[in-house]
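The following block contains the structure, expressed as structure tokens.
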Amino acid sequence: MIERSGEMSSKNQDLGHSVIKAFMNFKHAEIKSFQIPGYSKSETRFIFILSRGLKSRGPKIRVSDLGHMLRISKPSVTQMIQSLEGKGLIKRVQNPEDKRSMYVELTEVGAGVSEKMLDEFQASFEDMQEFLGEDDMKKLITLLEKLTDYLNTKSENKEA
């Protein structure tokens, strides 16, 4: 059966709306699932990214690198650092080789909170795998990686 372009456009539009709705529902559920009590969503994300960065880069990360890792502006990084410093989770350390450059590192309290976050995230992912099953979990990972590659490529082409 041959479809008219108007029917095809309507089906694509319905599919597009369904994708948007699914993303919005997922985002709402994800925010509730991956937020640590006592910390904002932004603080949770910051600590998570910082701890992952520290595991791959060493005990300290440059403030300028954090903005890139989190994809947020320098003023937003500064605001988040001040908030988390105030809570005793991180501290700034001056770069001995370049006095203009600062590093961020976790305090002992911050390392404990980070470890707790990572444990809770791991438990959530294990629950998710149990719910979805191994095959669907692998399909989800493959689709998310494929979509991420697509969106990154699309974004890079717009920036060029």
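With the checklist (1) touching a helix residue (DSSP H, G or I) at 6+ places or on another chain (Cβ under 7 Å); (2) exposed (fewer than 12 other Cβ atoms within 10 Å of the Cβ) in hand, flag the one item GLY58 doesn't pass.
Of the numbered conditions (1) touching a helix residue (DSSP H, G or I) at 6+ places or on another chain (Cβ under 7 Å); (2) exposed (fewer than 12 other Cβ atoms within 10 Å of the Cβ), the odd one out for GLY58 is (1).
Which of the residues that make up the range 64-83 are among the hydrophobic types (A, V, I, L, M, F, W, C) and in contact with a helix residue (DSSP H, G or I) (Cβ under 6 Å, 6 or more places away or on another chain)?
LEU66, MET69, LEU70, VAL77, MET80
What pairs come out if I take residues in the range 87-99 that are touching a residue at least 40 places away in the same chain (Cβ under 8 Å) and pair them with residues that are of a type outside the set (Val, Ile, Thr) and part of a strand (DSSP E or B) whose C-beta lies under 6 Å away, six or more apart or interchain?
Short answer, once both residue conditions are applied: ILE90/LEU106.
Now, a different point. Say whether the condition of being among the charged types (D, E, K, R), farther than 22 Å from ASP127 by Cβ, modelled with pLDDT of 85 or more and surrounded by 10 or more Cβ atoms within 10 Å (Cβ to Cβ) is met by at least one residue in the range 82-89.
Scanning the range 82-89, I find at least one residue that is among the charged types (D, E, K, R), farther than 22 Å from ASP127 by Cβ, modelled with pLDDT of 85 or more and surrounded by 10 or more Cβ atoms within 10 Å (Cβ to Cβ), so the answer is yes.
Next up: Out of GLU130, GLU105, GLU126, GLU115, I need the residue that is part of a helix (DSSP H, G or I) and surrounded by 12 or more Cβ atoms within 10 Å (Cβ to Cβ). Which one?
After ruling out the rest, the residue left standing is GLU115.
Only one of (1) open to solvent by 70 Å² or more (accessible area, probe 1.4 Å); (2) among the polar types (S, T, N, Q); (3) free of Cβ contacts under 8 Å to residues at least 12 places away in the same chain fails for SER64. Which number is that?
That leaves (3) as the condition not met.
So, LYS158, is that one closer than 17 Å to PHE23 by Cα and among the basic types (Lys, Arg) or not?
No: the conditions fail for LYS158.
The values are calculated or read from the model by the stated rules, or taken from the named source; none is laboratory data. None of the values given here were measured: they were computed from a predicted structure. Heads up, the Cβs are rebuilt from the backbone with ideal geometry, glycines too, and the neighbour counts pull from every protein chain shown. Only protein heavy atoms, including side chains, enter the accessible area calculation; ligands, DNA and RNA are left aside. Shrake-Rupley method; radii C 1.70, N 1.55, O 1.52, S 1.80 Å.
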